[in-house]
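Read-outs: derived from the displayed coordinates by stated rules, not from any lab. Predicted, not measured: the structure shown is a model, and the values here were computed from it. Note that each Cβ is placed from the backbone with ideal geometry, even for glycine, and that neighbours are counted across all protein chains shown.
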Amino acid sequence: MTFSDLIGKHVLVVDDDYHRASETVLSLEDQGSEIVGPYPNVPEAIEVINHAVVDAAVVSVRVQ
């Protein structure tokens, strides 16, 4: 998968590091993605998934 595959897609961002999440969001937006989030933890992200369109997700491996 490349960034071009995400053009127009709704991408969920989950990361407990604010700066890393912000950089991820900016990169994805620059490539044409619609951002869902970012969210700092999995429980908040799961709550959103139940009510929003999500085509893909970027999740930090250290998030709780």
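So between Ser27 and Val42, what do we pick up on full extension, going 0.36 nm a residue minus the alpha carbon distance? All intermediate terms of the calculation are to be shown ahead of the outcome.
Working: separation 15, 0.36 × 15 = 5.40 nm, distance 2.13 nm.
Contour length minus the Cα-Cα distance gives 3.3 nm.
Could you pull out every residue, at least 5 positions away or on a different chain, whose amide H is within less than 5 Å of the one on Val58? Hs are placed 1.01 Å off N in the peptide plane, and Pro or chain starts have none.
Those qualifying (amide H under 5 Å, at least 5 residues apart or on another chain) are Leu12, Val13, Val14.
Rounded to whole Å and ordered largest first, report the semi-axes of the equivalent ellipsoid of the chain derived from its Cα gyration tensor (root of 5λ).
Value: 18, 14, 9 Å, ordered largest first.
For the chain, what does the relative contact order come out to in percent, with C-alpha contacts under 8 Å and a separation of six or more?
Rounded, it is 45 percent for the chain.
If you take every DSSP beta bridge whose two residues both sit in the chain, what share of them, in percent to the nearest 5, is antiparallel?
DSSP beta bridges in the chain are roughly 0 percent antiparallel.
Considering only the other residues whose Cβ falls under 9 Å of the Cβ of Arg62, what net charge follows from Lys and Arg at +1 and Asp and Glu at -1?
-3
So if each residue of separation counts as 0.36 nm, and I subtract the Cα-Cα distance between Ser4 and His19, what length gain in nm does that give?
Length gained, Ser4 through His19: 3.1 nm.
Between beta-carbons, use under 15 Å as the cut-off and find the net charge around Ile49, counting Lys and Arg +1, Asp and Glu -1.
Working: positive: Lys9; negative: Glu34, Glu44, Glu47, Asp55.
The answer is -3.
Using amide H atoms built 1.01 Å from N in the peptide plane, name the residues 5+ places from Ile35, or on other chains, whose amide H lies under 5 Å from its own.
It is Val11, by chain and number.
Using the Cα centre as the reference, give the magnitude of the dipole from point charges on the C-beta atoms of the chain (Lys, Arg: +1; Asp, Glu: -1; all else neutral), rounded to the nearest 20 debye.
Dipole magnitude for the chain comes out near 100 debye.
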